[in-house]
1. Solvent-accessible area per residue for the chain at a 1.4 Å probe radius, Å²?
2. Rounded to a whole number, what % of the accessible area of the chain do carbon and sulfur atoms account for, probe 1.4 Å?
3. The stretch 43-92: D in µm²/s via Stokes-Einstein (Kirkwood Rh, Cα pairs, 4 °C, 1.567 mPa s)?
4. Rounded to the nearest 500, what is the chain's calculated 222 nm mean residue ellipticity when only DSSP H runs of at least 4 contribute -39500 (n - 2.57) each, over all residues?
5. So if each residue of separation counts as 0.36 nm, and I subtract the Cα-Cα distance between residue 38 and residue 90, what length gain in nm does that give?
6. Count charges around residue 47 for me, please; just the other residues with Cβ under 11 Å from its Cβ, Lys/Arg as +1, Asp/Glu as -1.
7. On alpha-carbon atoms, Rg over Rh for the chain using Kirkwood Rh?
Amino acid sequence: MDDSQDPIRIKITAAINVFFSCRYIKLSESTFDYVIGAIFVHFDDSSEDIQSAIFVNLKQAAIVDPKLVLKHAKTNVQRMKHKGNCKELIEYC
């Protein structure tokens, strides 16, 4: 996600969606927590396209572990500039 070109960053989010859709992959809670935290860094991006792509990632992640995604959303929503998608994610979880 740390690329300066948005089209590349959006392609990365597509790969992350594939990762989260693999229901038979077993991740430790600490690994999943780290991945969700890293994704949340980009949820408040200035680009609406990136925000939307990350929102899809986090909804996929919520299927895997809704409590963990909800914890990150509640922790991050107050420090975000663009709160709308995060508030919607909280409702989704």
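The values are calculated or read from the model by the stated rules, or taken from the named source; none is laboratory data. As the structure is a prediction and not an experimental result, all values here were calculated from the model. Note: ideal-geometry Cβ built from the backbone for every residue, glycine included; neighbour counts use all protein chains shown. Remember, those area values only see protein heavy atoms, side chains included, never the ligands or the DNA or RNA. Shrake-Rupley method; radii C 1.70, N 1.55, O 1.52, S 1.80 Å.
1. About 62 Å² of surface per residue is accessible.
2. 54 percent
3. The Stokes-Einstein estimate is 122 µm²/s.
4. Numbers: 5 runs with 68 residues, N = 93.
Computed ellipticity for the chain at 222 nm equals -23500 deg cm²/dmol.
5. 17.0 nm
6. -4
7. Details: Rg = 12.3 Å, Rh = 13.2 Å.
Across the chain, the Cα-based Rg/Rh ratio is 0.94.
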